1. What percent of all Cα-Cα pairs in segment 21-133 falls in each 5 Å bin, counting up from 0?
2. Can you put 71, 57 in order, fewest other beta carbons within 10 Å first?
3. For a Förster distance of 25 Å, can you work out the FRET efficiency between the beta-carbons of residue 118 and residue 64, rounded to the nearest 0.05?
């Protein structure tokens, strides 16, 4: 019998998870590192990741960004609004589908995406391994 179920039946709270997956820990460590290091740039890890994607695969429609990142459309739209106000991306009507917009990274956005990439690379496999092993 599952111990969490038996604890629940006995009126006790289930034991907390004792192990977090290595992938989750590594992802969390990169996000924390980026949050700390990107503070002076005024963007967070999600925005940095979006800029990095746009640098490699843009311009692309908002729907593609929603699918790739798994955000809800209003969340992605809000993020793109912030990036656009800062001059990091532009929104243009999609010539092949006039119901949508293409998002393109600006030169300022490229510079910030490259800075974010350097910060992620500085985290490095050794530092991630240390944080996973803790």
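1. In whole percents, the pair-distance histogram is 2, 12, 21, 21, 19, 12, 7, 4, 1, 1.
2. Working: 71 16, 57 12.
Going from sparsest to densest Cβ surroundings: 57, 71.
3. Details: r = 25 Å, r/R0 = 1.01.
Computed FRET efficiency for residue 118 and residue 64: 0.50.
Where a number appears in this text, it was derived from the coordinates with a stated rule and is not lab data. Remember, it's a predicted structure, so these values are computed and weren't measured experimentally. Heads up, the Cβs are rebuilt from the backbone with ideal geometry, glycines too, and the neighbour counts pull from every protein chain shown.
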